[in-house]
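The structure under discussion appears below in the form of structure tokens.
The values are calculated or read from the model by the stated rules, or taken from the named source; none is laboratory data. Here the structure is a predicted model, which means the values were calculated and not measured. In this analysis, Cβ positions are derived from the backbone assuming ideal geometry, glycine residues included, and neighbour counts consider all displayed protein chains.
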Amino acid sequence: MIDQFTDVVPSFFGMLNQGPLTLTIFLHTVIVLPMFWIYASEKKKLNK
Amino acid sequence: MLTSIKSNHLTSSGQRLGMMYFRVAIILFGAQLLMGLIAAIQFIYPAFLFELFDFSVARMVHINALVVWMLYAMIGATYYMLSDETEHEGVAIGLGKLAFWVLTLAVTIVVLVYIFIQIGPGKESTIWLINEGREYIEAPRWADIGIVVVVLIFYWNVFATYLAGKKTGIMTVMVANLLALAGLYLAGMFFTDNISMDQFWWWWVIHLWVEATWEVFVGTLAAYALIKIIGAKREVVEMWLWIEVLMLFGSGILGLGHHYFWIGTPEYWWEIGALFSALEPVPLIAMFVHVLYDWGKEQGINGEKPAINNGPAMAWLVTNAFGNFLGAGIWGFFHTLPQVNIYTHGTQFTAAHGHLSFFGAYATILIGTMYLGLQGAYGVKQMKATFNSKMGLFLSTFGVLGMGVALTIAGYEQVLVERAELGAGWNAFFVAQDLPWYVQAQLWRAIMGVVTLLGFVYLVLDLLTIGKKARAAEA
Amino acid sequence: MAKENLSVWTSIPFWRRSAAWVTGFASILLIWLTFDTMGQISMGTEADLAKGITKRVPAPTVINYHIDYKMSEKRGHEVPVIGKKQPFFGKEWSEKEAAALLHLGKLTSQAKNCMNCHTLLGNGAYYAPDLTKAWLDPAWQKSGAMQAMTGKNTVEEAMAEFLQHPSQYPTHARMMPNLDITAEEAKGLVAFLKHMSSIDTNGFPRNFSKTVDQFKNGGTNAH
């Protein structure tokens, strides 16, 4: 699952890049997750 | 369009300044097409103007005229909608006018130097005075600094007017987006010996312009135009605008990674560039749906009175919705994955995408805005498309589409033969360039270029006459 | 009835806040990534080269070394391989000299507008061959067509000669125009090209060594 590190220099993003789409899925997740919180808080506001 | 200089029904000086920008934009558009035609002919007859007006010169003026006419039209469009949206006259339109003349003078000098001096010795003075030799942002450093000053005046005008006037959602997006758009130019204003570093920052300007801030600009323009032309509901339009901003910036900012596959940058950009930029078409589909949906909806509601008050502007807007999705979205997606891009990078594929997307995403909507401007300038309530408007739209769209298809075929040949079969290199390049099918495609590109130019002639003819005709019809 | 207005999906504040969050956070990520990449693509030093430390963009003194481009099992694509020392224009260049020469070359590449016909690292115009690995191109090597045509004995001299008088050496109907490149500028440009060929481009252009192999085996690879 975890591939051997291939890039020239190891770095934080390079490490995350060792599996299938792991880096990009991680980045997408951290961008999208807080939107659930925004959704919930807007919902609360609307219900008031 | 010319008559509108004399008999002007626009009460706002900001809108009149917008029209001045439109006029220069359309002239530069013409220059772009002529230069493109020279370059297209040189692909077929390399001896054409050899060592007199080489391909590099024609191509440089071709793409610079493109960038500059679009920026002119964008500044014009901003000035045009500024007073309308904020319900404020504009804080320093007089200064804005001065900036317009300074910018136009600078652009004229830069173009003349490109054409007559062309290149210089390998010294700092060349990149300060003649050209910087960096695709799209070749403007010499003195002009860079001048552009920054002029843009600061422009931005001050927009920002201060926004603060002083009514703050609509459209203007909020506009003001924030323009700040990013203008600020990004600074990333392209330095010299380095390191070509990887050079291209890294160069893409900050080019990509974050055309695949992020310019696209958001188009979103705001479309929102404004929909309200103006078909009386779309502001709340609906503004909600869509925020969705578009979310998706455009969400995919476009990190989508920058698709330019960092092969320029010396780390391998992790493969993943970032691939998936973020693969999502870039999504907002373009959203925009397409949004425009068509509103169009259909508003037409159904307004029973007796005609729903569209500006035929040609609406036609260009719909062409934009479609062209943006097709040219930028589909053609971009074609070669955005690294697995594909390692073969297509630096081939005519890129040129095909460039032609379709710049026209589809930007030229169309900017021309549509010019029609909006004309409607205002002549004080026409109902502007109908004339024969010339239809020919202008049809021929230029058909021409660009034809060029895009021809270049895609050329690119396909090049990818398979030069890159896959022969393994790149000097010899592989020329073998691919001499393939009969490649040569044929280049011929078709030139023919379709002429068709585009013909469409442009109709367009200019229409812009010059439609206002007067519509006014006469209403009187 | 009131329920319809309660949907978050049609509320402007929800989309506005989401847009602000996504834009802001994506920008922060980009800035972070930029810092990380900056570190990796800044030029190496002569000490790196001497110790055999691989840098994505080596020091200008890489022009003193033999450069190759080979398939790497580990990376899964071709990578530049920096080998033994090799004279460049008949001498070894000091750090200062090499840096000055590369500076002149890069400056000249911009002043002569190379990018509006050629591609560099795949970016530019598509009217002339890609220059990313031009230094390694078989056409310029011993018994390659271009070197033979210029009558020179080394890659660098052949390239410099061609750059100064390109239209004297036509190979196709499409020719490179004369750009008034001086002998010094030509040297700089060749140094720039050699340096560029040593940059780790993650395997672009792919299959380049295939051309080289065919060339070595005496194949013309053209027909």
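For (1) surrounded by fewer than 21 Cβ atoms within 10 Å (Cβ to Cβ); (2) within 14 Å of chain C (Cβ to nearest Cβ); (3) within 20 Å of C:LEU33 (Cα to Cα), each residue gets a yes or a no:
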residue: B:PRO266; (1), (2), (3): no, yes, yes
residue: B:GLU271; (1), (2), (3): no, yes, yes
residue: B:PRO283; (1), (2), (3): no, yes, no
residue: B:TRP295; (1), (2), (3): yes, no, no
residue: B:PHE322; (1), (2), (3): yes, no, no
residue: B:GLY327; (1), (2), (3): no, no, no
residue: B:GLY332; (1), (2), (3): no, no, no
message: Given the condition modelled with pLDDT under 95, surrounded by fewer than 24 Cβ atoms within 10 Å (Cβ to Cβ) and more than 15 Å from the chain's Cα centre (by Cα), answer yes or no: does some residue in region B:73-80 qualify?
response: no
task: Check C:GLN110 against each of (1) within 30 Å of B:PRO338 (Cα to Cα); (2) out of contact with any Lys or Arg (no Cβ under 9 Å at 6 or more places or on another chain); (3) polar (S, T, N, Q) and name the one condition it does not meet.
output: (2)
field: Residue count for region B:122-180, restricted to those that are touching a Ser or Thr at 6+ places or on another chain (Cβ under 6 Å), over 23 Å from B:THR213 (Cα atoms) and within 11 Å of another protein chain (Cβ to nearest Cβ)
entry: 1
query: Taking region C:48-70 on its own, how many of its residues are surrounded by fewer than 19 Cβ atoms within 10 Å (Cβ to Cβ) and either within 12 Å of chain B (Cβ to nearest Cβ) or at pLDDT below 95 (or both)?
result: 8
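Would you confirm, using the coordinates I've provided, whether B:GLY257 is under 30 Å from C:HIS195 (Cβ atoms), among the small types (Gly, Ala, Ser), outside any loop (DSSP other than H, G, I, E, B) and in contact with a Gly (Cβ under 7 Å, 6 or more places away or on another chain)?
On the way: under 30 Å from C:HIS195 (Cβ atoms): yes; among the small types (Gly, Ala, Ser): yes; outside any loop (DSSP other than H, G, I, E, B): yes; in contact with a Gly (Cβ under 7 Å, 6 or more places away or on another chain): yes.
The answer is yes for B:GLY257.
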message: One residue is enough: does region B:54-67 have a residue meeting the conditions more than 20 Å from B:THR369 (Cβ to Cβ), outside any helix (DSSP H, G or I) and out of contact with any strand residue (DSSP E or B) (no Cβ under 8 Å at 6 or more places or on another chain)?
response: yes
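With the structure loaded, tell me whether C:ASP36 is more than 12 Å from chain B (Cβ to nearest Cβ) and surrounded by fewer than 20 Cβ atoms within 10 Å (Cβ to Cβ) or whether it fails that test. Can you show your working first?
Values: more than 12 Å from chain B (Cβ to nearest Cβ): no; surrounded by fewer than 20 Cβ atoms within 10 Å (Cβ to Cβ): yes.
No.
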- prompt: Is it the case that region B:205-214 has a residue that's within 30 Å of C:GLY188 (Cα to Cα), more than 24 Å from the chain's Cα centre (by Cα) and in a helix (DSSP H, G or I)?
  reply: no
task: Return only the number of the condition from (1) more than 9 Å from every other protein chain (Cβ to nearest Cβ); (2) in a helix (DSSP H, G or I); (3) buried (at least 16 other Cβ atoms within 10 Å of the Cβ); (4) not hydroxyl-bearing (Ser, Thr, Tyr) that C:ALA19 does not satisfy.
output: (1)
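Mind telling me which of the residues B:GLU135, B:GLU89 ends up being under 19 Å from the mean Cα position of the chain (by Cα) and part of a loop (DSSP other than H, G, I, E, B)? So that I can check it myself, show each step before the final result.
Numbers: B:GLU89 fails: under 19 Å from the mean Cα position of the chain (by Cα).
Criteria check complete, one pass: B:GLU135.
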message: Could you check region A:1-34 and list, in sequence order, the residues that are within 7 Å of another protein chain (Cβ to nearest Cβ), among the hydroxyl-bearing types (Ser, Thr, Tyr) and in a helix (DSSP H, G or I)?
response: A:THR24
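Can you pull out the residues in region A:19-34 that are more than 15 Å from B:TRP269 (Cβ to Cβ) and buried (at least 16 other Cβ atoms within 10 Å of the Cβ)?
Matches in region A:19-34: A:HIS28, A:ILE31.
Out of region B:270-287, which residues are among the acidic types (Asp, Glu) and in a helix (DSSP H, G or I)? Full working, then the answer.
Of region B:270-287, the ones among the acidic types (Asp, Glu) are B:271, B:280.
Within region B:270-287, B:GLU271 is the sole residue that qualifies.
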